[in-house]
Amino acid sequence: MDLGLAGKNVIVMGGASNIGRAISLLFAEEKANVLVGDWDDKQAEKTAADITNLGVKGIAAKTDVTNWDSVQDTVQKGLGEFGSIDILVNNAGWAMDRLFVDKPRSEWEQEVSINFWGVINGIKAVIDHMIERKQGSIISIGSDAGRMGEYREAVYAGCKGGVIALTKAVARENGRYGIRLNVVCPGLTPGKIDECGDKSLWRGEEAQIFTPEAQERAKKAYPLRKLGTPEDIANAVVFLASKRAGHITGQTLSVSGGYTMM
Ligand SMILES: NC(=O)c1ccc[n+]([C@@H]2O[C@H](COP(=O)([O-])OP(=O)(O)OC[C@H]3O[C@@H](n4cnc5c(N)ncnc54)[C@H](O)[C@@H]3O)[C@@H](O)[C@H]2O)c1
């Protein structure tokens, strides 16, 4: 099936490690040019080099999605390099699993800044350009936590629920301009450590919670009895971004082995 992505120009925010890296590389395999916006510039450069090796333009831009000026600069860099932006993926995310009553405010603030403000900033930075061109596709990475309210992930779940509602509202307002917005919700998708930079969740404290034993327990909650891979998520994102999903907008797709069914 031709997805019609050859020659398209894509920005993947948080595109350097794990799920974001798999998304960036799959777009490149489909012959789209990809700008990797990530605050881990070392890992972003590595992913951009791997994209270039696939025969398309791979560009890295140090970006903090919580910072409006930084996000605007990255979009301007994409426009300068590519001439247009067809697709934006808001993948940057961060969480620290703790009971609501135990969490320090600093962690809530970081979760809200990255998971919700990061997506607002990304959409706002490209939407005028997409309206002008009367086309565009924006995929934001949610989480099954945002659909069902996951234990030990209260504020993170609230942010991801916010991403789902934000996406629907912006999709309603801008469908008339040919712009589609959708959300892909992973379930537990462990990082392959050599695909993860220093700022990846899978190199930090959060990863220690998801021990091999905890991952085995999690599998039992999934009807398919297996966890997701970054490539599973990338397949859904690339499809939803493509012309094959041209009549799909405002939707939320879980890629989580059936963990949530909504
Ligand atoms: N992996 C999972 O189990 C899982 C489950 C549900 C949802 N998700 C969501 O999937 C997305 C990717 O998760 P992952 O597991 O690949 O995480 P990850 O930590 O491995 O990758 C996240 C990427 O975003 C970047 N990033 C974080 N904050 C940033 C910021 N402020 N500005 C720019 N870049 C920033 C990181 O450097 C990293 O490259 C996130 O939105 C996450 O919430 C993941």
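No value in this document is a laboratory result; all are computed from the given coordinates. Small disclaimer: the values here were computed from a predicted structure and weren't measured. Counting neighbours? That spans all protein chains shown, and the Cβs are built from the backbone with ideal geometry, glycine included.
Of Thr249, Thr211, the sequence from fewest to most neighbouring Cβ atoms within 10 angstrom is Thr211, Thr249. Going from the residue with the fewest nearby Cβ atoms within 10 Å to the one with the most, Thr66, Thr52 rank Thr52, Thr66.
Of the GluC sites (Glu not before Pro) found in the stretch 202-262, not one falls in a DSSP loop while having at most 12 other beta-carbon atoms within 10 Å. Between helix 154-174 and the chain there is an angle of about 30 degrees, using the helix long axis and the longest principal axis of the Cα atoms. Spacing of the modelled spin labels on Glu132 and Ser84, each 7 Å from Cα toward Cβ, amounts to 1.2 nm. Peptides 192-201, 122-131 ordered by packing proxy, namely the average of other Cβ atoms within 10 Å per residue, highest first: 122-131, 192-201.
With θ taken as phi - 60° and the Karplus curve 6.51 cos²θ - 1.76 cosθ + 1.60 applied, the whole-hertz 3J(HN,Hα) list for the stretch 87-97 is 9, 10, 10, 9, 10, 4, x, 7, 8, 9, 5 Hz, x standing for glycine and proline. In terms of other Cβ atoms within 10 Å, Tyr177, Tyr151 run from fewest to most in the order Tyr151, Tyr177. Of all lysines in the structure, the ones whose alpha carbon falls short of 25 Å from that of Lys46, not counting any fewer than 8 places away in one chain, are Lys8, Lys31, Lys57, Lys62, Lys77, Lys192, Lys199. For the pair Glu216 and Arg176 in one chain, pulling the backbone fully straight at 0.36 nm per residue adds 9.8 nm over the alpha carbon distance. Counting only alpha carbon atoms, the long axis of helix 68-82 and the longest principal axis of the chain meet at about 40°.
Dividing the helix sum by the residues of the chain, where each DSSP H run of 4 or more adds -39500 (n - 2.57), gives a mean residue ellipticity at 222 nm of -13500 deg cm²/dmol.
Taking amide H as placed 1.01 Å from N in the peptide plane, Arg152 has its amide H under 5 Å from the amide H of Phe100, each at least 5 places away in sequence or on another chain.
Ordered from longest to shortest, the equivalent ellipsoid semi-axes for the chain are 27, 20, 19 Å, each the square root of 5 times a Cα gyration tensor eigenvalue.
Against the chain, whose longest principal axis comes from its Cα atoms, helix 118-133 is set at around 20 degrees.
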